[in-house]
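The next block holds one structure in the form of C-alpha cells; read it before the comments.
The values are calculated or read from the model by the stated rules, or taken from the named source; none is laboratory data. Computed from a prediction, not measured in an experiment: that's the story for all the values here. Counting neighbours? That spans all protein chains shown, and the Cβs are built from the backbone with ideal geometry, glycine included.
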Amino acid sequence: MGITDEKVKQLEEKANDIRISIIDILEDAGSGHTAGPLDMADIFTVLFFHTLKHNPQEPAWPERDRLVLSNGHICPVLYSTMAHAGYFPIKELKTLRKFGSRLQGHPHRDFLSMLETSSGPLGSGLSQAVGMALADKIDHGLTSNRRIYALLSDGELECGQTWEAAMLAGKERLHNLVAVVDRNNIQIDGYTENVMPLEPLSDKWRAWNWHVIEIDGHNMEEIADAFESARAIFGKPIVIIAHTIAGKGVKEFERDYRWHGKPPNKEEETIAINELRTLGGKIRSEH
Amino acid sequence: MLNPELKLNTKLFDKNVEQIPIRQGFGEGLLEAGEKNLQVVGLCADLTESTKMDLFAKKFPERFIEMGVAEQNLASVASGLAAMGKIPFISSYAMFSPGRNWEQIRTTICYNNQPVKIAGSHAGISVGPDGGTHQAIEDIAITRVIPRMIVISPCDAIEAKKATLASVDTGTPVYIRLAREKTPIMTTGATPFEIGRAQIYWQSTKPQVGIAATGALLHKALLATKELEGKGIEVEVMNLSTIKPLDEKAVIELAQKTGRIITVEEHQIRGGMGSAVAECLAKNFPVPMEFIGVNDQFGQSGTPEELIEHYGMGTKSIIQAVTKILKR
C-alpha cells in the first residue's frame, strides 16, 4: 500500500487549487458555507484524482462508483473538485448560487444531472447510499467490486435517520459501502460536543457492526490508504472517521465554528488566497 | 344506471356483495409486478403481512428488504435503490409512510426524481378500533402537494391491483392509498383502468347532482344514488381514483352536465380530493359544491361503520348533502 511522494505532492497541489476555487466562488456568491468545504478538500481530491472509478467525460458510465454527498451545504468543494477533474469548465464555478445556474446553493440533479443525488436536508445521504449498495448487492452479490461512497458531516450524525441507515447497513453486511465522516467538531450552533456530544463516536459505529478506520483527514497518504484498505474488508460496511480541521488551509478561519455558514468578504478572500498561494501546495497535516 | 361500458360488478348493490380489503389488491398486484419485472423490489417497515407485501416477500426473498421500524430510512433507501435502476415499492401504514417520512419523500424521492412507489395501508378512519393515532386522514393532502407525485386512491381491491401494476411503468413517484377493512367489490377484472382517468360509474339521463368519490366510500355514494333514484332525484357518480394528476376534463364535464358537485372521501375535507376538485372547478367552471369528509377533527376508536356514520361520511350524510345542494 501507500502512494508515492510524487503522487502526494500532486494531490496536495490539486487540493490547494481546489481551496482557492472554493474561496473565490464563495466570495463571489456572497453566501454559502466555508469551513466544511475547506476541510474536506483533501478527501475530495484523493477521491476524484486517485480512488474513484469514474469518467468525467462520461458521467453516466454505468460501471462507475457512486459518490453521495449527504451534507449538501459543502457543495462548493464538490463543484470545485468536479470542475478541476474535468466534469465542467472551471469558469462555470463563478455561477454558484446565481439564478439559472447549474450550481444550486444545495446540489440539485434537475440542474446538474451528473450528480448522484440532490441533497441539503441533513441525515438522509447514508440511507440513499445504503439503497445503492443494496441494489449493487442484489445484482452482483458478494463479488461486487463497485464502491458506494457516502460523505457525511459529524453534525448530521445527530439525525436519527443516520443511525437507521447504519443499522440496516450492518444487518445487510454491505461490504461495498464506505462512509466518510468529516469529524471537524463544529456545527452552526457551536462545537459538536457542546451542542450534542457524539463521542464515543467510533464505538457507536462498531456497535452497529461497522468496520471503523480513523485517519488524519489532511494527510494524503493516510486518506488514500484508508480507501485502499477498506477494499479488503469483507462482510461489513466501512466508516472512515476523518479528523479534520474546520476551515483547513486558511489560518484565520481554522477551528472557528462561525465559519460554518458564512462566506468570506473581499478582504478575507484576499487574505485567504494569498495564504493558500504562498503555501505553494505544501499543505501538511498539523496532527 | 351502472355504466355498461365499464363492466362493473353487477352484484354491487346486493346485501351480500363480495368484500375484500383494498390492501389485498396491492399485495397481489405487487406479486404480479415482481413476476413481470425483475427490477421491482419491495421494502417494508415491520408491517409486511399487514400491508400484504408478504406475498411478494415470500416469492422473492432476494428482492425484499425488511427495514424494521424505520420509515425515514425506508423512503431514502428506496431512493438509492431507484437511483441504481430498481423500481422500489415501499409499504407501511399511511400514518407513518407518507406520514412520518414526508420530508424524506419530498427530498430524496420527489426532488431527486426517483420512481419510488409508496403504498400507504390502513388509510382512512375505517382502521377503526386502533384509534386516532393510526387513522391517516391527511395523507392525500400531504402527497398531492409534492411536485411529480402521482396520487391514486383505488375504490376496491381489484382496482388496487391494477393501480399497483400500472404504477410500475410511470417513471415517477406514486402514492397508492390502501385501506385495511374488507370493502365491497365494485369493479371486475374487465373494468378498464388508466392512471389519470376518472370514470362515470353511475349514469343518469338528466342528473341534477354530480358526485365525485374516491376510495371505498364510492360504494356509499352509489348506495345513496340508488336510494335517491327511488325519490326521483337523478345523480351521476364518478370514480375519481387518480387524485393527481386530476382528470380535469372529466371533472369539468361532470360539473357542466350536473351544475352541482359533491365530493366524497375518507379524509380531511381540507386539502383532500374535494379540495383538488374545487381548485379545478373554481378556475374553470364554478358550481355549488358540498364536501363529504372529516371536518377538521381527529378520529377515535370504534367500528368502521360507527366511525363513518359519526364523522358524516355514510349514505345518510351523502343523501343529506344532495338534498342540501339541491336547495342552493
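Summary table
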item	result
Criterion (under 24 Å from A:Ile3 (Cβ atoms) and of a type in the set (A, V, I, L, M)) met by exactly one of A:Ile43, A:Ile74	A:Ile43
Failed condition for B:Glu305, given (1) touching a helix residue (DSSP H, G or I) at 6+ places or on another chain (Cβ under 7 Å); (2) not in a loop (DSSP other than H, G, I, E, B)	(1)
Out of B:Ile200, B:Ile140, B:Ile211, sole residue that is within 26 Å of B:Pro288 (Cβ to Cβ) and surrounded by fewer than 24 Cβ atoms within 10 Å (Cβ to Cβ)	B:Ile200
Odd one out for B:Arg328, checked against (1) at pLDDT 95 or above; (2) farther than 26 Å from B:Arg197 by Cα	(1)
Matching residues in region B:26-53 - criterion: being part of a helix (DSSP H, G or I) and more than 14 Å from chain A (Cβ to nearest Cβ)	B:Phe26, B:Gly27, B:Glu28, B:Gly29, B:Leu30, B:Leu31, B:Glu32, B:Ala33, B:Glu35, B:Lys36
When residues of region A:85-119 are limited to those that are among the β-branched types (Val, Ile, Thr) and closer than 20 Å to A:Asn55 by Cβ, the one nearest to the other protein chains (Cβ to nearest Cβ)	A:Thr117
Residue in region A:120-138 that is more than 23 Å from B:Met67 (Cβ to Cβ) and within 10 Å of chain B (Cβ to nearest Cβ) present	yes
A:Phe99, sole failed condition from (1) without any contact (Cβ under 8 Å) to a residue 24 or more places away in the chain; (2) aromatic (Phe, Trp, Tyr); (3) closer than 18 Å to B:Gly80 by Cβ	(3)
